[in-house]
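Bear in mind that the values in this text are calculations on the coordinates, not laboratory data. Predicted, not measured: the structure shown is a model, and the values here were computed from it. Cβ sites come from the backbone with ideal geometry, for glycine too, and all protein chains shown count toward neighbours.
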Amino acid sequence: MNRSEIIQRLVDPGVIAVVRAQNAEQVPPLTEALLAGGVIAVEITMTTPNAIAAIRAAAARFGDRALLGVGTVLDAATAQAALEAGAQFVVSPIARLELVAVVHAADRPVMLGAYTPTEAQAVHESGADFVKIFPADGLGPGYIKALRAPLPHLKIIPTGGVDANNAAEWIKAGCAALGAGSCLVSAKILQEANWTELTRLAADFVQKVRTARAPKT
């Protein structure tokens, strides 16, 4: 897939699982569980032990069934290593603008972090495909709506404070997609290897987003 095709799959169904696995061995079964629930975008953060190896193994196993990305990327070298391992999108929690050229050279989309309107606009002007509003838990959907009033061109994906119960509010505020971390792939689920529950949560999350996007009749 090229960059535009990956972007389309990130926004539909529009749920990106932010995975902070306890070990690399958890990545294959949790990815299978997420896929079964309809979540195809899996962001493996660099806080996962042996994250690059985990991405490489998962990319070989799942191919185009899943969109495997890398998160918590703080420098260009890490982005390059993840791309070479098979990452299909790159996410940074900060406005590391130099990542854009590296990721786009591989024909892959990049999401950079921002918190303020000035940071969000700078990320957009850098050429980043999405603006990751982080941490969003102290801001809420109302902030996104207010931010996009003067800046409607921003393609925003909030992370932090996003869950299935408020997913509709974020979508209706104008978010392009949602980043779901511990509310979806929780430490408890990982500890118990409760993949059935992860599939259930993933399906619920996807359904909430789709319902929020459905045109009113």
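Rounded to the nearest whole Hz, the Karplus-based 3J(HN,Hα) values (6.51 cos²θ - 1.76 cosθ + 1.60, θ = phi - 60°) of the stretch 155-163 follow the sequence 9, 9, 10, x, 9, x, x, 9, 8, with x at glycine and proline.
Given the C-alpha atoms of the stretch 3-209, compute the convex hull and give its volume per residue in Å³.
Values: hull volume 20.2 nm³, N = 207.
Looking at the stretch 3-209, the number lands at 98 Å³ per residue.
When each of His104, His124 is scored by the number of other beta-carbon atoms lying within 10 Å, the sequence from fewest to most is His104, His124. Pairs of Cα atoms under 8 Å, at least six residues apart: use those to get the relative contact order of the chain, whole percent. Averaging sequence separation for qualifying contacts and normalising by length gives 22 percent for the chain.
Our helix-only sum for the chain, with -39,500 (n - 2.57) per DSSP H run of n ≥ 4 divided by its residues, gives a mean residue ellipticity at 222 nm of -13000 deg cm²/dmol. Which of the aspartates and glutamates could a cross-linker bridge to Lys172, judged by Cα under 19 Å and excluding same-chain residues fewer than eight apart? Lys172 reaches Asp12, Asp137, Asp163, Asp204. Here is what passes the span test in the chain: the DSSP H helices with alpha carbon length of 15 Å or more along the helix axis and a Kyte-Doolittle mean of -1.0 or above are 51-62, 195-213. Between the stretch 126-185 and the stretch 1-71, the alpha-carbon centres lie 20 Å apart. Positive end of the dipole of the chain (Cβ unit charges, origin at the Cα centre): among Leu201, Val70, Val102, the Cα lying farthest that way belongs to Leu201.
With the cut-off at 29 Å, tell me which of the pairs Lys145/Lys188; Lys145/Lys208; Lys155/Lys188 have Cα atoms farther apart than that. Numbers along the way, then the final one.
On the way: Lys145/Lys188 33 Å; Lys145/Lys208 19 Å; Lys155/Lys188 32 Å.
Too far apart for the 29 Å limit: Lys145/Lys188; Lys155/Lys188.
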